[in-house]
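The structure appears below as structure tokens.
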């Protein structure tokens, strides 16, 4: 099978979509499929996640123009993909559907963002529905996302989490003697999560003197966070690690994982922590965290009211109880093994690709026959949001 993956950020920054896309591309190349990976921006920079030898990498300008549009269509015409897979976190989804329809190739749209991110880049529900109408299959990461998809599209929805490799060695969260480590890993997240954690750790550190904090963050963030740690008088108990591809040693040395985000959606770092058998603390009102942490079973969810106070309480509960950390960490590892193993998710993707490749090419379908009365408003939605000349889509 010829598979064309669109991974917009693969050469620009480390994030969960890039990690997932590279893992899938490598998996299918290893299985003997012909794999093409299309990226945009940073036309000379190598992928932040390595690709197997034999995978064709094609780079395109970040800003879509008539010239680059024609270039991509010509390249796809030569590649002759049986299916296009578009992993997106922004309006790149428009172009991915457009290319598929121009070429008559079935397309899987993989939505990599939650409701908060969709609001940030201004994708209305009408526009989202327009994009989904153009997809042959819609991949979502969590069950709750399916509730936001119109009923007439539910038959196209497939739900699969990010695939996460098994741990090289497990963590030992139940350690009770010696210095223990509280870990945070950004994994492409850019925000104030680490700031919240440092301020909270400054509060609890006086009550848990045998704990240190390890932050795995991008290098450009480390200086600012180091200055914050110094201002909070905890610099001697905070260490920094570059947020690199392999953080195995950090997870293995940790005893508790804390991810105080309110905007993250299906964060890869949580799944990696789970794979290492670490208990996890996060906020109950974060849609990407409350779906992954089973409160009281695999970790603790802090209430959103008085955030830093409730986060401190949840952290201290586990920092003071080695047995509870061990039990919750084991429960998290069990959940990882039953739901998030790499081989399991890749096998489901194999079935999805085979299913989608056999679908009648979208060019032969009429939008107006799929949803009566939908054509006009959805044409307007595409016209507002498209980066390319999408009226031909209809």
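Derivation of every value follows stated rules applied to the coordinates shown; laboratory data play no part. The structure displayed is predicted, hence computed values, not measured ones. FYI the Cβ positions are ideal-geometry reconstructions off the backbone, even for glycines, and counts take in every protein chain you see.
As I understand it, the value is the acute angle between the Cα axis of helix 66-79 and the longest principal axis of the Cα atoms of the chain; what does it come to in degrees, rounded to 10?
On a 0 to 90 degree scale, this one is about 90.
Calculate, for residue 226 and residue 351, the FRET efficiency according to 1/(1 + (r/R0)^6) with r their C-beta to C-beta distance and R0 41 Å; round to the nearest 0.05.
Here the calculated transfer efficiency is 0.30.
If R₀ is 51 angstrom, what is the calculated FRET efficiency for the pair residue 233 and residue 2, using the beta carbon separation as r and rounding to 0.05?
0.30
Could you work out the per residue convex hull volume over the alpha carbons of the chain, in cubic angstrom?
Dividing the Cα hull volume of the chain by its residues yields 135 Å³.
Can you give the helix-only mean residue ellipticity at 222 nm for the chain, where every DSSP H stretch with n ≥ 4 adds -39500 (n - 2.57) and the sum goes over all residues, rounded to the nearest 500 deg cm²/dmol?
Counting only the DSSP helices, I get -12500 deg cm²/dmol.
Any idea how far apart residue 192 and residue 210 come out in nm if each label point goes 7 Å out from Cα toward Cβ?
With each label point 7 Å from Cα toward Cβ, the separation is 3.4 nm.
How far is helix 322-339 tilted, in degrees, relative to the longest principal axis of the Cα atoms in the chain, given as a value from 0 to 90 rounded to the nearest 10?
That helix lies at roughly 10 degrees to the long axis.
Nearest 10 degrees is fine. How inclined is helix 219-231 to the longest principal axis of the chain, computing both from alpha carbons?
The helix 219-231 is inclined about 30 degrees to the chain.
How much length is gained if the chain between residue 126 and residue 313 is pulled fully straight, taking 0.36 nm per residue apart and subtracting their Cα-Cα distance, in nm to one decimal?
Full-extension gain reported as 63.2 nm.
Full-extension gain between residue 338 and residue 63, please, as 0.36 nm times their residue separation minus the C-alpha to C-alpha distance.
94.9 nm
Going by how many other beta carbons lie within 10 Å of each one, how would you line up 220, 349, fewest first?
By the 10 Å Cβ count, ascending, the order reads 220, 349.
For the chain, modelled as a GNM with alpha-carbon contacts under 10 angstrom, which of 205, 261, 338 fluctuates the most?
338
Quick one: if you stick a label point 7 Å off each Cα along the C-beta vector at residue 148 and residue 78, how many nm between them?
With each label point 7 Å from Cα toward Cβ, the separation is 3.8 nm.
What FRET efficiency comes out for the pair residue 166/residue 303, r = Cβ-Cβ distance, R0 = 30 Å, nearest 0.05?
Efficiency at R0 = 30 Å is approximately 0.35.
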